[in-house]
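A short write-up of the structure that comes next.
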Amino acid sequence: DVDVLDDDLGEDDEWEPAAPSVLVRVLGPPRVDGFPDLGRLDVSLVAFLACNGGQATEDQVVNAVWGGRAIEKATLWNRISKARVSLGAALPAREQGSSIVRLADDVQTDLCVLKALAARASQVSSGEAIELLLQATGLIEGTPFDAQGYDWSYEHQFNAEACEAVESVCLRLAELALEADDLAAARNAISRGLKALPLNEPLYRWRMRAEAHAGNLGGVRAAFEELCTRLADVDSGSGPSTPTEVLYRQLVS
């Protein structure tokens, strides 16, 4: 219940937002915050480990980052040693005799932080939830894993997980914001969501609701027409789903 007050949360009053020592960005073009000089393979390696719970076997890393190409284990560990020059303690040295590649415990993805904010938002008042979800949507920079060499994000379902989390957070924020008559927050949620998921019809439906809420029927029409154009660009024979068309007719009638 989003109307539960903080005072009723007991021990959860001590909740603190995640503050990773190193933030790995995957909600957009992948990068590692604070380490702009990392090479493409290094970023992919760190992102894979971070998405995979912070560790993976040598074979898992090679299969993901090198696309299964046959490379020597020495090549892998030389690459890791090179990345460690920049990352330091965030990428610990291998334990003797181990085939496990690890990140430090406090290296996290922006997806992990977003999901933690969303989980907290489900436990607090709607006003605080809006603030938390605004922080969460602030992490969204574009289409998840938007770079070459990230086929592993699809193979391991990390991309699907990211898209589902982005959609859930943005739709929830749009709904709460409109209930609170906070049009700016609703528009923020929708624009961030569509930046990541440009063909997402549920987000377009909330965009139409937001513009109708503002009394902007021109904005409702513009949103619907933009969706129609985008869908036609992908497939000339496709158009909005029935729920989207029904909502559009209701809002403009």
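Couple of notes before you dig in:
- Given charges at beta-carbon only (K, R positive; D, E negative), |dipole| of segment 181-253 in Debye: 140 debye
- Cα gyration tensor category, rounded, prolate or oblate, for segment 13-58 with a/c compared to 1.5: oblate
- Computed [θ] at 222 nm, deg cm²/dmol, the chain (DSSP H ≥ 4; -39,500 (n - 2.57); rounded to nearest 500): -18000 deg cm²/dmol
- Beta bridges per DSSP with both ends in the chain, % antiparallel, nearest 5: 60 percent
- D (Stokes-Einstein, µm²/s), Kirkwood Cα radius, segment 110-253, 0.890 mPa s at 25 °C: 155 µm²/s
- Share of alpha-carbon pairs per 10 Å distance bin for segment 153-221, given as whole %: 23, 49, 20, 7, 1
- Short to long, the 5 Å bins of the Cα pair-distance histogram for the chain hold 1, 6, 12, 14, 15, 13, 11, 10, 8, 5, 3, 1, 0, 0, 0 percent of all pairs.
- Within the same chain, lysines fewer than 8 places from residue 73 are excluded, and of the rest, those with a Cα less than 30 Å from its Cα are 82.
- Accessible surface of the chain [probe 1.4 Å, protein heavy atoms]: carbon and sulfur percent: 47 percent
- Euclidean distance between Cα centres, segment 16-87 to segment 209-243, Å: 39 Å
- Rolling a 1.4 angstrom probe over the protein heavy atoms with all chains in place gives segment 151-222 an accessible area of 44 Å² per residue.
- In summary, the lysines within cross-link reach of residue 195, defined as a Cα separation below 19 angstrom excluding same-chain residues under 8 places away, comprise 115.
The values are calculated or read from the model by the stated rules, or taken from the named source; none is laboratory data. Computed from a predicted model, the values in this text were never measured in an experiment. Methodologically, a virtual Cβ is constructed for each residue, glycine included, from the backbone with ideal geometry; neighbour enumeration extends over all protein chains shown. Note: areas computed on protein heavy atoms with side chains; ligands, DNA, RNA excluded. Shrake-Rupley method; radii C 1.70, N 1.55, O 1.52, S 1.80 Å.
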